[in-house]
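Some notes on the structure that comes next.
The values are calculated or read from the model by the stated rules, or taken from the named source; none is laboratory data. Treat the numbers as computed from the prediction; the structure is a model and nothing was measured. With ideal geometry, Cβ positions are generated from the backbone for all residues, glycine too; neighbour counts draw on all protein chains shown.
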């Protein structure tokens, strides 16, 4: 059985071919694929904008703020390191200056220097007297010329003294015996008449000295005083011929080396305080306008800052 005419084109078939696909609508707009793509793109842009402003941007700002804070902290650390290095350098300089200060002050005396000085002078006088005693005991013909010259004597003078005072060996010895007649230290006084940098930082000890000795012995003693390690100043030197011993006339001593009376003053400078300790910093000067010093600073007169706010 055949059927014909069932699928022949007709009017109904033509209508079906002309009807296209249908799309949903929203707000009166047909959501075609192009419209949907545009809508998705716009939504993507809006989402990206919202995500950037509310998520990414705050995190980025926080990151920038943290980086700035880290940089600030690092700058503070570097500054503190530099400050510590500067402080170490300043401390090293201070230690070096204090060492130099101690070295310089070591050239000055101490309160014990006076006692040491007395012992030194007495020791030199005793040495001189021992040499004189050896000369007087020896035979003048056998005396060494160099030894006699060091004592300021000659062979003829020794022979004359031994002949003139042959009956009194003690008197012979008295003619050439050195003796410390006076060693009178005075109380120390604060130095105020020196350079401004030293005023109030040194004490001056003064000693009045008087001795009797032959000229070479006197010169040797004073030179040895100058060679002592503490700085000692010799002032007001006065010399005169010593009077002859009792029972001896001037005529008997003609042509004989005479003892000299030597009077002089010794000055010893002694530092005040410990030179190895740094002195306190000077007080800040008062402002020219007469205003009060800054908080925590001591007033110019050295008094303590006022209490309270």
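Key figures for this structure:
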item: Residue match in the range 31-38 (condition: in a helix (DSSP H, G or I), surrounded by 10 or more Cβ atoms within 10 Å (Cβ to Cβ) and in contact with a strand residue (DSSP E or B) (Cβ under 6 Å, 6 or more places away or on another chain)); result: no
item: Residue check, residue 230 at pLDDT below 90, assigned by TED's automatic domain parsing to the domain that holds residue 155 and closer than 19 Å to residue 210 by Cβ; result: no
item: The range 222-248, residues that are within 20 Å of residue 107 (Cα to Cα) and outside any loop (DSSP other than H, G, I, E, B); result: 222, 223, 224, 225, 226, 227, 232, 233, 234, 235
item: Options 266, 214; residue that is crowded, with 18+ Cβ neighbours inside 10 Å, over 24 Å from residue 115 (Cβ atoms) and touching a residue at least 24 places away in the same chain (Cβ under 8 Å); result: 214
item: Qualifying residue in the range 109-122 (condition: over 30 Å from residue 226 (Cα atoms) and at pLDDT 80 or above); result: no
item: Sole residue being without any contact (Cβ under 8 Å) to a residue 12 or more places away in the chain, surrounded by 10 or more Cβ atoms within 10 Å (Cβ to Cβ), within 30 Å of residue 270 (Cα to Cα) and out of contact with any helix residue (DSSP H, G or I) (no Cβ under 9 Å at 6 or more places or on another chain), chosen from 82, 71, 92; result: 92
item: Test result for residue 102, assigned to a helix (DSSP H, G or I), under 26 Å from residue 202 (Cα atoms) and modelled with pLDDT under 80; result: yes
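Residue-wise test of (1) surrounded by 14 or more Cβ atoms within 10 Å (Cβ to Cβ); (2) outside any helix (DSSP H, G or I).
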| residue | (1), (2) |
| --- | --- |
| 172 | yes, no |
| 181 | no, yes |
| 193 | no, yes |
| 196 | no, yes |
| 200 | no, yes |
| 203 | yes, yes |
| 207 | yes, yes |
| 210 | yes, yes |
| 219 | yes, no |
